[in-house]
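The values are calculated or read from the model by the stated rules, or taken from the named source; none is laboratory data. Please read all numbers here as calculations on a predicted model, not as lab measurements. Note that each Cβ is placed from the backbone with ideal geometry, even for glycine, and that neighbours are counted across all protein chains shown.
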Amino acid sequence: MTSSNRVLIFAGGNIASGFKEYIRPGDYLIGADFGAFFLVDHGIIPDIAIGDFDSVSPQQLQRIQEVCGSVTIVDPIDKDQTDTELAFDIALDRRPDEIMMFGVLGSRCDHSFANIQMMLRALQHQIPSSIRDENNYITLTGSSACIEKGDFTYVSLIPMTPEVTGITIEGFLYPLDNASIRMGQSVGISNKLIAERGTIQIESGLLLIVQSKD
């Protein structure tokens, strides 16, 4: 089996129950704050654990330090980045083929929005990135994408720039041909694939692709 050149980030939010199926041999695993303990608690040793660790108990932090080869503890007050962004910086520095994020969505919508926007930085480095949880699979494109239906019900297209133009999609219940979507419009919400695969092409802008299920 070929070794992977991917980075998987695990943070402290909602993590899909089947997360282990996404881990391949050779993946570089980063545990951000409680995400590090989550991995350790499930018998998986992250390559590095990073954060202020204000979301774990002293006993849980001790466990992380016992099993992880590298643990970076930052000051919880004197820092300008969230734990997830600190992990994301490490991921970008490795120049991987792909970055996948788990546990970066949750009850704090401010953290969720910030984590979604971090995918812009990966795109600037021409690195594909995605976010997964129990009900969502989120990707970002500035050109084209091919998506698979899987076990998701809906596909929503959300502009990440003031306007996305030249949107053409195939394989969907509600097709678009050279359409435009502006921020604040909901025309791209809750579409459905009518085939096992669908294609999305855009001419300008950045488009968030959210596959979801209830």
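Quick notes on this structure:
- For the residues ASP214, ASP177, the requirement of being among the charged types (D, E, K, R) and assigned to a strand (DSSP E or B) singles out ASP177.
- Test: residue in region 132-146 that is more than 23 Å from ARG6 (Cβ to Cβ) and either hydroxyl-bearing (Ser, Thr, Tyr) or out of contact with any Asp or Glu (no Cβ under 8 Å at 6 or more places or on another chain) (or both): no
- Considering region 50-146, the qualifying helices (runs of 4 or more DSSP H), each wholly inside and each with 3 or more residues that are within 26 Å of ILE158 (Cα to Cα) and not assigned by TED's automatic domain parsing to the domain that holds ILE169, run over 83-93, 109-117, 119-124.
- GLY31 vs. criteria in a strand (DSSP E or B), of a type outside the set (Phe, Trp, Tyr) and not assigned by TED's automatic domain parsing to the domain that holds PHE152: yes
- Restricting region 180-214 to residues that are closer than 11 Å to MET160 by Cα and among the hydrophobic types (A, V, I, L, M, F, W, C), the residue that is surrounded by the fewest Cβ atoms within 10 Å (Cβ to Cβ) is MET183.
So that you can scan it fast, the table gives a plain yes or no per residue for (1) touching a Pro at 6+ places or on another chain (Cβ under 7 Å); (2) closer than 17 Å to LEU140 by Cβ:
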position	(1), (2)
THR153	no, no
PRO159	no, yes
GLU163	no, yes
MET183	yes, yes
SER190	no, no
ALA195	no, no
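- Contact annotation: residue pairs with Cβ atoms under 9 Å, 6 or more positions apart or on different chains, pairing a residue in region 106-120 that is at negative phi with a partner that is part of a helix (DSSP H, G or I) and among the β-branched types (Val, Ile, Thr), are HIS111/THR84; ALA114/THR84; ASN115/THR84; MET118/THR84.
- LEU39 vs. criteria in contact with a Gly (Cβ under 7 Å, 6 or more places away or on another chain) and either farther than 19 Å from ARG94 by Cα or not charged (D, E, K, R) (or both): yes
- Condition check for PHE113: out of contact with any helix residue (DSSP H, G or I) (no Cβ under 7 Å at 6 or more places or on another chain) and surrounded by fewer than 15 Cβ atoms within 10 Å (Cβ to Cβ): yes
- Residues of region 1-41 that are of a type in the set (D, E, K, R) and touching a residue at least 60 places away in the same chain (Cβ under 8 Å): ARG6 alone.
- Looking only at region 14-56, residues that are surrounded by fewer than 14 Cβ atoms within 10 Å (Cβ to Cβ) and acidic (Asp, Glu) come to 3 in all.
- Sub-9 Å Cβ pairs linking a first residue in region 70-85 that is in contact (Cβ under 8 Å) with a residue 12 or more places away in the chain and surrounded by 13 or more Cβ atoms within 10 Å (Cβ to Cβ) to a second residue that is among the aliphatic types (A, V, I, L, M) and in a loop (DSSP other than H, G, I, E, B), at least 6 apart or interchain, are THR82/ALA11; ASP83/ALA11; ASP83/VAL74; THR84/ALA11; THR84/VAL104; THR84/MET118; GLU85/MET118, ordered by first then second residue.
- The condition (being among the acidic types (Asp, Glu), out of contact with any helix residue (DSSP H, G or I) (no Cβ under 7 Å at 6 or more places or on another chain) and closer than 25 Å to ARG121 by Cα) is satisfied by just one residue among GLU203, GLU196: GLU203.
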